[in-house]
There are 2 protein chains.
Amino acid sequence: MHALMTSAPCTCTKLRRSARTLTALYDEALAPSGLTTPQFALLRTLDRAGPCSLTAFAERTGHDRTTLSRTIGALEAQGHVRFEAGADKRSRAVSLTEQGSAAIARALPCWSQAEDRIEALLGPDRARLFAILDRIEALPV
Amino acid sequence: MHALMTSAPCTCTKLRRSARTLTALYDEALAPSGLTTPQFALLRTLDRAGPCSLTAFAERTGHDRTTLSRTIGALEAQGHVRFEAGADKRSRAVSLTEQGSAAIARALPCWSQAEDRIEALLGPDRARLFAILDRIEALPV
DNA sequence: CCGATATACGTGTATATGCACGCACTGATG
DNA sequence: CATCAGTGCGTGCATATACACGTATATCGG
């Protein structure tokens, strides 16, 4: 009775594997820019969000706050972002440096190349994929 | 001219974020079993594949071989898998221990619970998602 | 049989990720 | 104003992930 179940594929594992494959593709495309895919995504999000507390940023990107504490820390060490005083003495506001903006500009054509390749591969299914992933992200965890 | 492009969402980032969300869901469901989602997936794959070299296993799961060298190493330390002599003096064969089989059996109902939840959330879109992810995984990287 | 190439593997290093925990500061309450 | 719950953060620890590189073994050509 459980025979089918125990051999059924795992949605999570499937998604994780695809994410690895896709990340390799994007990382290769982004390599000339010196940014990884997550780093590029963080910088671009920051560019749109403007100066931002870590907690707000984490909520926006769906990361754990302590994860950002380090990934953003690496971006700061590379000079792509800067920390300024926040509203409180508790909080810090992250903002993009000029170097960070330049890195985004440099990386954009690389990223477009990868994105175009996915667009060519998936066509209209890309929008369907996004819609399905939206439902997953909306899950109450 | 580039205004639209620069604000377009990134397929890779989207997929990565969904993978994080889904992993949190599965990890929570699997917590009573003491296994993480990747560990559960590895054990189950090993159960199906039978004793297997690391390289063959890596090809099957789509991981880098050196990644498995460590994740499998952790499973060995926990007693879930065992290394035996391979065909060569070079290679080692990984195989499931009885404890590993027991861990799978213990984890299966937990996993089913998570999987059922996704099935309920996505319905027929789950199969569409799989089809799209298959195309991504088939990418020549 | 010997040397070159190919194969199977591990390790050093680095990023990405998140949980548990603790610290500093803020704001409300009595 | 003294206290205490709540908020914003960082760090210790652990897993997952992969690239660059080195090592051991195998295999093939001459």
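Descriptive notes on the structure:
- The same position residue A:101 in the other copies lies at 6.4 nm from this copy, comparing label points 7 Å beyond Cα toward the beta-carbon, shortest first.
- Annotation: Cα Rg of the protein assembly as shown relative to the compact-globule expectation 2.2 N^0.38 Å equals 1.10.
- Order of exposure, largest accessible area first, which applies to A:115, A:84 with probe 1.4 Å: A:84, A:115
- Inter-centroid distance (Cα atoms) of the stretch B:15-64 relative to the stretch A:76-141, Å: 27 Å
- Whether the stretch A:22-136 is rounded, prolate or oblate, judged on the alpha carbon gyration tensor where a/c under 1.5 counts as rounded: oblate
- Simple label model, 7 Å out from Cα along Cβ direction - residue A:55 to residue B:60, nm: 4.7 nm
- Ligands, DNA and RNA aside, residue A:117 has an accessible area near 90 Å² when probed at 1.4 Å.
- Pseudo-label separations to other copies for residue A:48 - Cα-to-Cβ vector, 7 Å, nm: 3.6
- Pairwise label distance in nanometres, residue B:137 with residue B:24, each label 7 Å out on the Cα-Cβ vector: 2.5 nm
- Residue A:80 contributes about 20 Å² of solvent-accessible surface, heavy atoms of the protein only, 1.4 Å probe.
- Take residue A:32, move 7 Å from Cα toward the beta carbon, and the resulting point lies 5.4 nm from the same point in each other copy, nearest first.
- The calculated FRET efficiency for residue A:48 paired with residue A:85, based on their beta-carbon distance and R0 = 22 Å, is about 0.50.
- Taking Cα atoms only, the orientation of helix A:37-49 departs from the longest principal axis of chain A by about 60 degrees.
- Surface accessible to a 1.4 Å probe, residue A:110 within the full protein complex, Å²: 20 Å²
- Farthest toward positive dipole pole in the protein assembly as shown [+1 Lys/Arg, -1 Asp/Glu at C-beta], among A:49, A:103, A:25: A:103
- Scanning chain A for the Cβ atom closest to the axis that brings A onto B yields residue and whole-Å distance A:19, 2.
- Near residue B:52, the amide H atoms lying under 5 Å from its own belong to B:94; only residues 5 or more places off or on other chains count, and H is placed 1.01 Å from N.
- Excluding ligands, DNA and RNA, the accessible surface per residue across the stretch A:22-136 is 49 Å² with a 1.4 Å probe.
- Calculated FRET efficiency, residue A:36 to residue B:117, Cβ-Cβ distance, R0 = 45 Å: about 0.90 to the nearest 0.05.
- Surface composition of the stretch B:12-137: carbon and sulfur atoms hold 51% of the protein heavy-atom accessible area at a 1.4 Å probe.
- Those residues of the stretch B:15-46 whose amide nitrogen sits under 13 Å from the label point placed on residue A:130, 7 Å along Cα→Cβ: B:15
The values are calculated or read from the model by the stated rules, or taken from the named source; none is laboratory data. What you are looking at is a predicted structure, and each value in this text was computed from that prediction instead of being measured. Cβ coordinates were reconstructed from backbone atoms using ideal geometry, including for glycine residues, and neighbour counts include every protein chain displayed. Surface areas here come from the heavy atoms of the whole protein model, side chains and all, with no ligands, DNA or RNA. Shrake-Rupley method; radii C 1.70, N 1.55, O 1.52, S 1.80 Å.
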